[in-house]
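Trainee: One structure coming up, written as structure tokens, with questions to follow.
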Amino acid sequence: MPAAAAAEVGARVALVDVGASRAFVDLDNQVVHFQGRVVVGGQPVGGIYVYARCDGHEGMALASGADGGFRVSAGVFGAGDCSVNTGASSDYDPATVAVKVPVRRQQVRISVNGGPPRLAPGKSVTITGRVQRLGSSGWVDLREGRWLSFYEQDGRRHIGDAFKPGGTAAFTAALTSDGLGPITARFDGDQWLEPLQGQIVVRSRWLTNFAQVRPLMPEYPHYGKKMTVSARLMPMVSAKGPVAGAKLELQAGPFRGRGRWTTIRTLTTGPQGYARVSLPVNKRQSLRFLFRGSESYAPAEGSYSLVHATYQTAITKFNAGPEPVRRGKEVTLTGRLTRWTTKGGWRPIASKRISAQYRLKGTKRWRSGYCANGGAPTSANGWFRLSCDVTGDATWRVYYLTDYASPYGLVADFPARSATDYVDVR
């Protein structure tokens, strides 16, 4: 009598020593073989039908051998959730053993024919290439139909898609660079294939510009002094962050910026994209920064800054008197006008006119003074003396060229303004 018939009717069947033929499955190896033994009461039983099921798909059922051994197969089409089972019968209760066969996803790459092309910002290009997967024998063409997406701005800005049809690995994509960095491809992946993102398919560069910073400090430098020239290089999209380690050229050109430019310094931007240099003030000129570009960033040219160099002037020893002054009389304003020179330090300025202002007590407005001599020119030693009408208690001051602290046209001297002096009228 066969072992199956000799077993007690309704006995529980057990599956022992169950194992899978592979530790994982992938696109190249989707079929898994399972082996083990069928026993009842610890004794092997032949003639019991056994089958495997993976992800809801059943393989062919085969009978166990006389020693209870079996070998069955099933294809994995999903997550690799498998089980080995015995068929139900009137003689035996069915048995099931769960077996997890993990899916190992394969890497994907995009091969652009001729390599990723270089593309200037604002230009377009059509690329062709192949989509490949890393199979058990190396890189092979991916034949299944798949969508590819393309991005710039470090994967944040979607610029287009391309469909790779089934039966071929080839694809074609028309792309345009907006100057937001390299164009990269994205492949979403599935249970068999790893997702891919960030692979460069077009080598385009980030547009750059020089951010608004105060280019000159001080704004109006004086001859013989020092000035600090600054710039900050940034991509057009500030979220990218500053451009660090960039080689900049500081160029000098004619005043007003028309003519030939000459590189006078080479600087490297720091971690925050800044570059600064201290220069002597020795002439009127224009300065600008130039970035000739790099592998990742496009060139940029800064707007020029005028170095409106002037001589520093000062009004010293200012006095308004007498104090007090009698009503109906004049107030006399005296002082000295000097200029700082690179060779002689502070030197007197001769033959220059000085103007006067006053502010009546309790008011904020400065008024032009009515001076009898209309503003006398300074002497050879820079001294001046003005006689001005008074209308009441007032604070007096004088100035040279203008009362504003900014250059006066193309005059070589920078305006100067004196200290103030209060005069009581009685």
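Trainee: Would you be able to say whether some residue in the range 270-286 is assigned to a strand (DSSP E or B), farther than 30 Å from Tyr399 by Cα and of a type in the set (A, V, I, L, M, F, W, C)? Talk me through it step by step, then tell me what you get.
Mentor: As a first pass, look at the range 270-286 and keep what is assigned to a strand (DSSP E or B): 274-280, 285-286.
Right, trim to farther than 30 Å from Tyr399 by Cα and you get 274-278.
Filter again for of a type in the set (A, V, I, L, M, F, W, C), leaving 275, 277.
The answer is yes, given that some residue of the range 270-286 is assigned to a strand (DSSP E or B), farther than 30 Å from Tyr399 by Cα and of a type in the set (A, V, I, L, M, F, W, C).
Trainee: Would you mind finding the one in Ser305, Ser286, Ser238 that is among the polar types (S, T, N, Q) and surrounded by fewer than 14 Cβ atoms within 10 Å (Cβ to Cβ)?
Mentor: On the way: Ser305 fails: surrounded by fewer than 14 Cβ atoms within 10 Å (Cβ to Cβ); Ser286 fails: surrounded by fewer than 14 Cβ atoms within 10 Å (Cβ to Cβ).
One residue alone meets the criteria, Ser238.
Trainee: Out of Tyr274, Tyr223, which single residue is outside the structural domain of Gly345 (by TED's automatic domain parsing), of a type outside the set (A, V, I, L, M), crowded, with 16+ Cβ neighbours inside 10 Å and under 30 Å from Arg336 (Cβ atoms)? Steps first, answer last, please.
Mentor: Numbers: Tyr274 fails: under 30 Å from Arg336 (Cβ atoms).
Only one candidate passes the filter, namely Tyr223.
Trainee: Output yes when any residue across the range 243-265 is under 26 Å from the mean Cα position of the chain (by Cα), in a strand (DSSP E or B) and modelled with pLDDT under 95, and no when none is.
Mentor: Taking the range 243-265 as the starting set, the residues that turn out to be under 26 Å from the mean Cα position of the chain (by Cα) are 243-251, 265.
Still in the list and also in a strand (DSSP E or B): 247-251, 265.
Within this subset, residues satisfying the condition of being modelled with pLDDT under 95 are none.
The answer is no; no qualifying residue exists.
Trainee: How many residues are more than 56 Å from the chain's Cα centre (by Cα) and under 30 Å from Glu152 (Cβ atoms) if we restrict to the range 281-338? Spell out how you get there, then give the answer.
Mentor: Narrowing the range 281-338 to residues more than 56 Å from the chain's Cα centre (by Cα): 319-335.
Then drop every residue that is not under 30 Å from Glu152 (Cβ atoms), which leaves none.
The total comes to 0.
Trainee: Same structure, new question: Which of (1) more than 29 Å from Pro221 (Cα to Cα); (2) within 55 Å of the chain's Cα centre (by Cα); (3) modelled with pLDDT under 90; (4) of a type outside the set (Phe, Trp, Tyr) does Gly344 not meet, given it meets every other one?
Mentor: (1)
Trainee: Consider the range 143-159. How many of its residues are surrounded by 14 or more Cβ atoms within 10 Å (Cβ to Cβ), free of Cβ contacts under 8 Å to residues at least 24 places away in the same chain and either under 13 Å from Gln199 (Cα atoms) or within 32 Å of the chain's Cα centre (by Cα) (or both)?
Mentor: 1
Trainee: Separate question: How many residues does the range 11-46 contain that are more than 24 Å from Val103 (Cβ to Cβ), surrounded by fewer than 15 Cβ atoms within 10 Å (Cβ to Cβ) and out of contact with any Asp or Glu (no Cβ under 7 Å at 6 or more places or on another chain)?
Mentor: Step one: list which residues in the range 11-46 are more than 24 Å from Val103 (Cβ to Cβ), which gives 11-14, 16-17, 37-46.
Narrowing further to those that are surrounded by fewer than 15 Cβ atoms within 10 Å (Cβ to Cβ): 11-12, 16-17, 41-43.
Keeping just the survivors that are out of contact with any Asp or Glu (no Cβ under 7 Å at 6 or more places or on another chain) gives 11, 16-17, 41-43.
Residues flagged as more than 24 Å from Val103 (Cβ to Cβ), surrounded by fewer than 15 Cβ atoms within 10 Å (Cβ to Cβ) and out of contact with any Asp or Glu (no Cβ under 7 Å at 6 or more places or on another chain) within the range 11-46 amount to 6.
Trainee: Follow-up question, since we're still on this one. Looking at Thr316, Thr338, Thr391, Thr395, which one is among the β-branched types (Val, Ile, Thr) and either assigned to a loop (DSSP other than H, G, I, E, B) or loosely packed, with under 13 Cβ neighbours inside 10 Å (or both)? Even if it seems obvious, please write down each step before you answer.
Mentor: Numbers: Thr316 fails: either assigned to a loop (DSSP other than H, G, I, E, B) or loosely packed, with under 13 Cβ neighbours inside 10 Å (or both); Thr338 fails: either assigned to a loop (DSSP other than H, G, I, E, B) or loosely packed, with under 13 Cβ neighbours inside 10 Å (or both); Thr395 fails: either assigned to a loop (DSSP other than H, G, I, E, B) or loosely packed, with under 13 Cβ neighbours inside 10 Å (or both).
Checking each option against the conditions leaves just Thr391.
Okay, residues lined up against (1) of a type in the set (Val, Ile, Thr); (2) under 18 Å from Gln191 (Cα atoms):
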{"position": "Gly19", "(1), (2)": "no, no"}
{"position": "Asp26", "(1), (2)": "no, yes"}
{"position": "Gln30", "(1), (2)": "no, yes"}
{"position": "Val45", "(1), (2)": "yes, no"}
{"position": "Tyr51", "(1), (2)": "no, no"}
{"position": "Glu58", "(1), (2)": "no, no"}
{"position": "Ser64", "(1), (2)": "no, no"}
{"position": "Gly68", "(1), (2)": "no, no"}
{"position": "Ser83", "(1), (2)": "no, no"}
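Trainee: How about the range 322-331: which of its residues are surrounded by fewer than 17 Cβ atoms within 10 Å (Cβ to Cβ) and in contact with a strand residue (DSSP E or B) (Cβ under 6 Å, 6 or more places away or on another chain)? So that I can check it myself, show each step before the final result.
Mentor: Narrowing the range 322-331 to residues surrounded by fewer than 17 Cβ atoms within 10 Å (Cβ to Cβ): 322-324, 326-330.
Result: Glu323, Arg327, Glu330.
Trainee: Something else: Of everything in the range 407-426, what is surrounded by fewer than 12 Cβ atoms within 10 Å (Cβ to Cβ) and within 30 Å of Arg256 (Cα to Cα)? Give them in sequence order.
Mentor: The answer is Gly409, Leu410.
Trainee: Still on this model: Out of Ala376, Ala405, Ala419, I need the residue that is modelled with pLDDT of 95 or more, touching a Lys or Arg at 6+ places or on another chain (Cβ under 8 Å) and not aromatic (Phe, Trp, Tyr). Which one?
Mentor: Result: Ala419 is the single residue among Ala376, Ala405, Ala419 that is modelled with pLDDT of 95 or more, touching a Lys or Arg at 6+ places or on another chain (Cβ under 8 Å) and not aromatic (Phe, Trp, Tyr).
Trainee: Further question on the same structure: Could you list all residues from the range 170-193 that are over 28 Å from the mean Cα position of the chain (by Cα) and either within 16 Å of Gly115 (Cα to Cα) or of a type in the set (D, E, K, R) (or both)?
Mentor: Residues satisfying the conditions are Ala170, Phe171, Thr172, Asp190.
The values are calculated or read from the model by the stated rules, or taken from the named source; none is laboratory data. Here the structure is a predicted model, which means the values were calculated and not measured. When we count neighbours, we look across all protein chains shown, and the Cβ atoms used for this are built from the backbone with ideal geometry, even at glycine.
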